[in-house]
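All remarks here apply to the structure that follows.
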Amino acid sequence: MSAATVSFQVPSPLGPRPVTVSHAREGTGEPLLLLHGIGHHRQAWDPVVHLLAAEREVITVDLPGFGESPALPDGLTYDLSTTSAVFGAFCEALELDRPHVAGNSLGGLLALELAREKLVRSVTALSPAGFWNEAERRYAFGVLLTMRHISRRLPLPLVESLSRSAAGRSALTSTIYARPGRRSPEAVVAETLALAGATGFDETLRAGGSVLFTDDIPGLPVTVAWGTRDWLLVRRQGVRAKRVIPGARLVRLPGCGHCPMNDDPALVARVILDGSR
C-alpha cells in the first residue's frame, strides 16, 4: 500500500492547530480503521491487511508522533481526549462516516474511546491498554521504556545483523510477539527504527500513567481479544475489560503475544471481520 498524508485542524486552548497524519488505504467495503500501539507504526498491521481488504476498505494510520506522522504541534497534548479528537477530525477529513475500528494496545484503548464517543460503528480491541492495576501498569511501562532505550542504543548494522536470524529477531521483538521468527527481517529493522524515532513516545507514555478505561459502551458491537502469551499486558486484564463492558465479546487468541496480528494473521483477521459485521 502506498502511503498518503492528510492535514486538518484540531481545536486547542491556543486555537485551531494543524495536524498531519500518514495513512494508507486498501480494499473495498465498509471502512475499517486500524490503530497501532505505542512505539509501533501502521506496518504492524501488514500481516492481516490483505485478509481484511478482501471484505473491507482498510485504513491503516500512523498515530501522531509515530511512524511517518509528525509530532503534534504546540497546544495539543498526547492525552486520550486529544488523540480521540484528532481521529474524529481525521475521519471527517477522509469522509469516513463512523468507520469500524480495530486497535492494538494503545490503539485498542483509543479505539474503545472512539466507540465510547460514538464516533465508530464497531470496535475490536486487541490487548487494549487501560485495564491494568497499578503494578501491571508500572511493569508494562518499565518494559516499554527498556525497549525504547535499547532501540535507540543499538547501531543500525547490528539491528540488521540480528534481524537475519530467528534468534536475533527473537532478541529484538519477543516482548511483543509470541512467534518472532515469523516476522520478516525487513519488518523487524523497520519497527526497531520506528520505536527509536517515535517523537511522541515519551509524552504518550507520560499521559498514559493515569489512564484507566472505566466506562461501559452500550449499543455498539465491542470485541476484546487477548493473546494467551501476552507478557506485556497480561490476559487477566481481559477479564477486567469484560467486567467494565459487560456486553463485549471476550475472545481468547491461543498462542498469540501482545501484537497478535503477526502471530496468527488468519485468526486475528477473522476476529476483526466477525466483530465488524
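Computed values, structure above
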| read-out | value |
| --- | --- |
| Heavy-atom accessible surface of the range 128-277: percent carbon and sulfur, 1.4 Å | 57 percent |
| Part-to-part distance (alpha-carbon centres) for the range 202-272 and the range 105-127, which is given in Å | 10 Å |
| For the chain: relative contact order, % (alpha-carbon pairs under 8 angstrom, 6 or more apart) | 20 percent |
| Radius of gyration and maximum dimension Dmax of the chain, Cα, Å | 17.3, 51 |
| Loop trypsin sites (Lys or Arg not before Pro), the range 127-212, which have at most 14 other Cβ atoms in a 10 Å radius of their Cβ (DSSP) | ARG164 |
| Value of Rg to Rh for the range 1-51 (Rh from inverse mean 1/r over Cα pairs, i.e. Kirkwood) | 1.05 |
| Loop-resident sites, the range 18-98, for GluC sites (Glu not before Pro), counting at most 12 other Cβ within 10 Å (DSSP) | GLU95 |
| Cα centre as origin, Lys/Arg/Asp/Glu Cβ charges: the chain dipole, Debye | 960 debye |
| Whole-percent carbon and sulfur share, accessible surface of the range 75-117, 1.4 Å | 43 percent |
| Relative packing of peptides 186-193, 99-106 - highest average C-beta neighbours within 10 Å first | 99-106, 186-193 |
| Solution diffusion estimate, µm²/s, Stokes-Einstein, the range 1-150, Kirkwood Rh from C-alpha pairs, 10 °C, viscosity 1.306 mPa s | 101 µm²/s |
| Percentage relative contact order, the range 22-111, counting C-alpha pairs under 8 Å, at least six apart | 39 percent |
| Solvent-accessible area per residue for the chain (1.4 angstrom probe, square angstrom) | 41 Å² |
| Ellipticity estimate at 222 nm from DSSP helix runs (n ≥ 4, -39,500 (n - 2.57)) divided over the chain, nearest 500 | -12000 deg cm²/dmol |
| Debye, to nearest 20: dipole size of the range 152-231, +1 on Lys, Arg Cβ, -1 on Asp, Glu Cβ | 500 debye |
| Segment SER165-VAL239, length gained on full extension (0.36 nm per residue, minus Cα span) | 23.0 nm |
| Net +/- balance of residues flanking ASP263 in space, Cβ distance below 9 Å, scoring K and R +1, D and E -1 | +2 |
| Overall dimensions of the range 70-189 as given by Cα atoms, namely Rg and Dmax in Å | 17.4, 46 |
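The values are calculated or read from the model by the stated rules, or taken from the named source; none is laboratory data. Given the structure is predicted, the values throughout are model-derived calculations rather than measurements. We place every Cβ from the backbone using ideal geometry, glycine too, and count neighbours over all the protein chains shown. Each accessible area value is taken on the protein alone, full model and side chains, heavy atoms only, with ligands, DNA and RNA left out. Shrake-Rupley method; radii C 1.70, N 1.55, O 1.52, S 1.80 Å.
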